[in-house]
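Step one of this worksheet: look at the structure below.
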Amino acid sequence: MQVFRIAVTGDFLNEHGASAYGDLSLSLWDEKPYIQYHFLKDLAPQPGDASYWSRIYSLEVTPQHIEGIDGLVVLRPWVKQSTFAQGAKDLVVIGRSGTGYDKIDLTACTENDVALFNAPEALRHSTASSALLFMLALAKRLPEQERFTRAGRWDLQAGVMGSEIQGRTLGIVGLGHSGRELVRLVMPFAMRVLAFSPHADPAQTREMGVELVTFDQVLRESDFLSLHCRLTPQTRRMIGAAQLALMKRTAYFINVARGELVDQAALASVLRERHIAGAGLDVFEVEPLPLDDPLLSLENVILTPHWLPATKDVWQATGRAMAEGMLRAARGEVPDNVVNSEVLSRPGFRAKLARFEENGTML
């Protein structure tokens, strides 16, 4: 038997050291004698440390964190090149508990013979349904109606009349897992669906009833523009002042992908000047969103704390995906959904993974 040692970043815990988000499927590991795991508690909130939540998105995995472990499960912390400053003699896999992996240095992982896997299907529906929620809430002017109701201002009904999304034009930037799911969700609304997605298969998109168009066209013609693409050097700040200027004054902008896709100052400006009708944002350039950010003073934007798709169902699905991926590695098998697939043929990775093949013969 070869023991497989797993570290889990401490941001999965609450300040009392218990799981903050429910069942992480760790019982799957408890059943296996060849698995040991622990939480990186210096990355967890501590009682009375109010500053933790202001720096939670800047936490980093250090060389000391990966020393003497074979697997690492990451929620929010960065995994940078500096993480591997002392190498990765034992580390063979990293599991990213979610879909996005822009905070993990893929090149550094590959160079150190470490495979990265994620849970792309786990957030497929919840991310798409969050975008649809924003669309409906913005179109129906839900925040304004709710405010006026609480204030007892029923006399203002006429001023907060919403509109339907039925028959309108939806523009999707990025036809990945959540983008395609949003197409499915809006089918009953008889929307015209446009998409800018350079790597999408034209035949598949036609079957979905989606029209592939240029970036400028999706900006100009959409009544609702929803971002679903990955953050890369090429997509960073792909939406700026020039792009926002192409949108209709009656259009709504939705971002459930990554905040860094957008020039946030430019977006706040067009919202303030009502050059677009409104926005629904779950992600921001700087997280947590600073309390003096201009977006917080605007009434035509709905803001959520990079948490809208994070339902109980999603936590169960991502937890299980991480647990099962680590189990596969602990048996000397390649986990599903490896992102840096080029690492799989590297001799160093194959040798590290092969250490655990004998565990695969155990019941």
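Can you give me the ranges of the helices (runs of 4 or more DSSP H) entirely in the range 103-154 with at least 2 residues that are among the small types (Gly, Ala, Ser)? Talk me through it step by step, then tell me what you get.
On the way: elements: 106-111, 124-139, 142-150.
Of the helices (runs of 4 or more DSSP H) lying wholly inside the range 103-154, those with at least 2 residues that are among the small types (Gly, Ala, Ser) span 124-139.
Could you please give the count of residues in the range 24-49 that are closer than 20 Å to residue 65 by Cα, assigned to a helix (DSSP H, G or I) and open to solvent by 70 Å² or more (accessible area, probe 1.4 Å)?
2
Kindly list, by first and then second residue, each pair from a residue in the range 351-363 that is closer than 9 Å to residue 34 by Cβ to a residue that is of a type in the set (Asp, Glu) and modelled with pLDDT of 85 or more, limited to pairs with Cβ atoms under 9 Å and residues at least 6 apart or on different chains.
What qualifies is 356/70; 356/333.
Kindly establish whether residue 277 is touching a residue at least 60 places away in the same chain (Cβ under 8 Å), open to solvent by 10 Å² or more (accessible area, probe 1.4 Å) and more than 18 Å from the chain's Cα centre (by Cα). Full working, then the answer.
Numbers: touching a residue at least 60 places away in the same chain (Cβ under 8 Å): yes; open to solvent by 10 Å² or more (accessible area, probe 1.4 Å): yes; more than 18 Å from the chain's Cα centre (by Cα): yes.
The answer is yes for residue 277.
Which numbered condition trips up residue 197, out of (1) without any contact (Cβ under 8 Å) to a residue 40 or more places away in the chain; (2) over 21 Å from residue 229 (Cα atoms); (3) of a type in the set (Gly, Ala, Ser); (4) in contact with a helix residue (DSSP H, G or I) (Cβ under 9 Å, 6 or more places away or on another chain)?
With (1) without any contact (Cβ under 8 Å) to a residue 40 or more places away in the chain; (2) over 21 Å from residue 229 (Cα atoms); (3) of a type in the set (Gly, Ala, Ser); (4) in contact with a helix residue (DSSP H, G or I) (Cβ under 9 Å, 6 or more places away or on another chain) applied to residue 197, the lone miss is (2).
Out of (1) within 20 Å of residue 17 (Cα to Cα); (2) open to solvent by 80 Å² or more (accessible area, probe 1.4 Å); (3) in a loop (DSSP other than H, G, I, E, B), what's the single condition that is false for residue 76?
(2)
Is it the case, given these coordinates, that residue 353 is surrounded by fewer than 19 Cβ atoms within 10 Å (Cβ to Cβ) and of a type in the set (A, V, I, L, M)? If you could, list the steps in order and put the result at the bottom.
Details: surrounded by fewer than 19 Cβ atoms within 10 Å (Cβ to Cβ): no; of a type in the set (A, V, I, L, M): yes.
Against the criterion (surrounded by fewer than 19 Cβ atoms within 10 Å (Cβ to Cβ) and of a type in the set (A, V, I, L, M)), residue 353 does not qualify.
Could you please tell me which pairs satisfy a Cβ distance under 6 Å, a separation of 6+ or placement on different chains, a first residue in the range 303-320 that is surrounded by fewer than 16 Cβ atoms within 10 Å (Cβ to Cβ), and a second residue that is part of a helix (DSSP H, G or I)?
311/126
Without any contact (Cβ under 8 Å) to a residue 40 or more places away in the chain, within 26 Å of residue 282 (Cα to Cα) and touching a Gly at 6+ places or on another chain (Cβ under 7 Å) - does that describe any residue in the range 141-148?
yes
Could you figure out which of (1) in contact with a strand residue (DSSP E or B) (Cβ under 9 Å, 6 or more places away or on another chain); (2) open to solvent by 50 Å² or more (accessible area, probe 1.4 Å) isn't true of residue 259?
(2)
The values are calculated or read from the model by the stated rules, or taken from the named source; none is laboratory data. Because the structure is a prediction, the values reported are computed rather than measured. In this analysis, Cβ positions are derived from the backbone assuming ideal geometry, glycine residues included, and neighbour counts consider all displayed protein chains. Surface accessibility is based on the protein's heavy atoms, side chains included, excluding ligands, DNA and RNA. Shrake-Rupley method; radii C 1.70, N 1.55, O 1.52, S 1.80 Å.
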